[in-house]
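Encoded as structure tokens, the structure appears first; notes follow it.
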Amino acid sequence: VRPTVVGRANMVLISLKSVLPGAQSANDGFLFETTTSTPVDELIDSLVEIHNARLRSCLIADAVKGLAMYGVMKRPEDVGTDHVKEITGGNVERGDNYVEDPSGLRTGNPPDEKMAEILNREVRALEEYIHKNQVQNQVALTLPEITEKINNVRGAVTMAYPMGLPEWDLAHLALDGSVDKLKGTYLGGSLIEAKNASLWTCNKEFRRGQLVSDRLGSCNEKTKVVAKLTTKGSGPPAREPVVSETERNAMTAFYFTRQEELKRLAEADEDDYLNSAWADPKGMKKSLQGLDNVKAPGLRF
């Protein structure tokens with residue numbers, strides 16, 4: 001299945017804002033294509049499915065990477081670091097590829113290097129597809145493509161562990177468990193139920209029982225809107241900040257630099273400030289003419 005690249009005619013583009021576990025920024029989310037003739041209920045169901053599938057993918061990626069590095073998870077009653085267990089007289093199984101798990105959650109017996117690389121390769125493909133950079137890449141996500149990449153990871157796990165994973169292993173739960181079973185993991189607070197979800201854009205709600213055109217207009221097939229999912233009855237989501245985090249950091253750096261420059265000027269008794277670019281009476285003219293960075297040949301400053 002090839003990625004759905006945005007740009008097809010007669011499609012409404014929904015940019016859904018969300019935050020994945022561990023995300024460093026609130027600017028996470030994904031793109032989804034629909035039409036103005038799509039029922040709002042169907043649109044909400046599709047967005048919720050992809051939202052939950054992305055969360056599930058994060059859990060799968062974390063679990064399978066741990067599987068490739070330290071092997072399957074121990075039984076809950078056996079959890080603990082191996083070296084402490086050995087000191088207290090316990091028995092630790094050490095295979096050919098043994099690497100102690102610092103967290104004590106896994107056995108430390110991963111698959112061989114070749115199989116570990118296959119696991120990591122399929123996990124990387126899954127992570128890259130659901131990554132927030134797909135918004136900048138103008139790639140709209142679809143549930144079948146996410147499902148295909150999850151199936152590829154499942155196939156790699158089956159190759160590495162043909163006898164199957166223990167039922168208590170997080171990878172087993174993430175790959176084969178239902179969404180309801182995932183509520184007991186760290187994803188529980190982020191999962192959304194379609195029947196309890198509401199979709200908002202521009203501080204206006206998409207009303208269930210209506211069509212997308214009732215909110216966006218029937219003539220806006222090529223429009224793009226930023227939307228958010230919330231729980232029914234919780235009201236509109238918080239507005240996006242006027243200034244982004246990147247812009248805020250740039251402004252802070254600029255004001256800090258300016259403050260330091262003013263401090264140096266206040267302490268200077270001479271006319272050193274005349275050497276500053278802002279003190280050049282012809283500075284604007286040089287800037288407009290593109291001559292502000294011109295230097296004489298052979299001179300170094």
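Numbers for the structure displayed
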{"read-out": "Cα centre as origin, Lys/Arg/Asp/Glu Cβ charges: the chain dipole, Debye", "value": "1140 debye"}
{"read-out": "In Å², nearest 10: area of H172 left accessible to a 1.4 Å probe", "value": "60 Å²"}
{"read-out": "Dipole of the chain [Lys/Arg +1, Asp/Glu -1 at C-beta], most positive-end residue of I50, P39, P144", "value": "P39"}
{"read-out": "Under Karplus coefficients 6.51, -1.76 and 1.60, residue-wise ³J(HN,Hα) of region 52-69 in Hz, glycine/proline x", "value": "5, 5, 5, 5, 4, 5, 4, 5, 4, 4, 4, 5, 6, 5, x, 5, 5, 8"}
{"read-out": "Simple spin-label estimate for D280 and E167 in nanometres, 7 Å along Cα-Cβ", "value": "7.6 nm"}
{"read-out": "Principal axis dimensions, largest first and in whole angstrom, of region 203-245 by Cα", "value": "34, 27, 11"}
{"read-out": "Spatial separation of Cα centroids for region 201-232 and region 109-157, in angstrom", "value": "31 Å"}
{"read-out": "Most positive-pole-ward Cα, L291, A266, S178, against dipole of the chain from beta carbon charges", "value": "L291"}
{"read-out": "Charge tally in the Cβ shell below 13 Å around T81, where Lys, Arg are +1 and Asp, Glu are -1, T81 excluded", "value": "-2"}
{"read-out": "Sequence-distant residues sharing a close amide H with A227 (under 5 Å, placed H)", "value": "S15, L16, K17"}
{"read-out": "Contact order relative to length of the chain, as percent, for alpha carbon pairs under 8 angstrom and 6 or more apart", "value": "25 percent"}
{"read-out": "For the chain, built as a Gaussian network whose Cα springs stay under 10 Å, the top-fluctuating residue of F32, F206, F256", "value": "F256"}
{"read-out": "Unit charges on C-beta of K, R, D, E only; dipole of region 170-266, Debye", "value": "260 debye"}
{"read-out": "Debye log10 I(q)/I(0) at q = 0.15, 0.17, 0.18 Å⁻¹ for region 38-192, Cα point scatterers", "value": "-0.83, -1.00, -1.09"}
{"read-out": "Rg/Rg_ref, region 137-265, where Rg_ref = 2.2 N^0.38 Å and atoms are Cα", "value": "1.65"}
{"read-out": "Projected area, mean over directions - region 54-133, Cα convex hull, nm²", "value": "5.9 nm²"}
{"read-out": "Whole-number percent relative contact order across region 100-197, with pairs defined as alpha carbons under 8 Å at least 6 apart", "value": "21 percent"}
{"read-out": "Full-extension gain in nm, N249 to V226, via 0.36 nm per residue minus C-alpha separation", "value": "5.9 nm"}
{"read-out": "Overall form of the chain per C-alpha gyration tensor (a/c, 1.5; a/b vs b/c)", "value": "oblate"}
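The values are calculated or read from the model by the stated rules, or taken from the named source; none is laboratory data. Remember, it's a predicted structure, so these values are computed and weren't measured experimentally. Positions of Cβ are generated from backbone atoms using ideal geometry, with glycine treated the same way; all protein chains shown enter the neighbour counts. Only protein heavy atoms, including side chains, enter the accessible area calculation; ligands, DNA and RNA are left aside. Shrake-Rupley method; radii C 1.70, N 1.55, O 1.52, S 1.80 Å.
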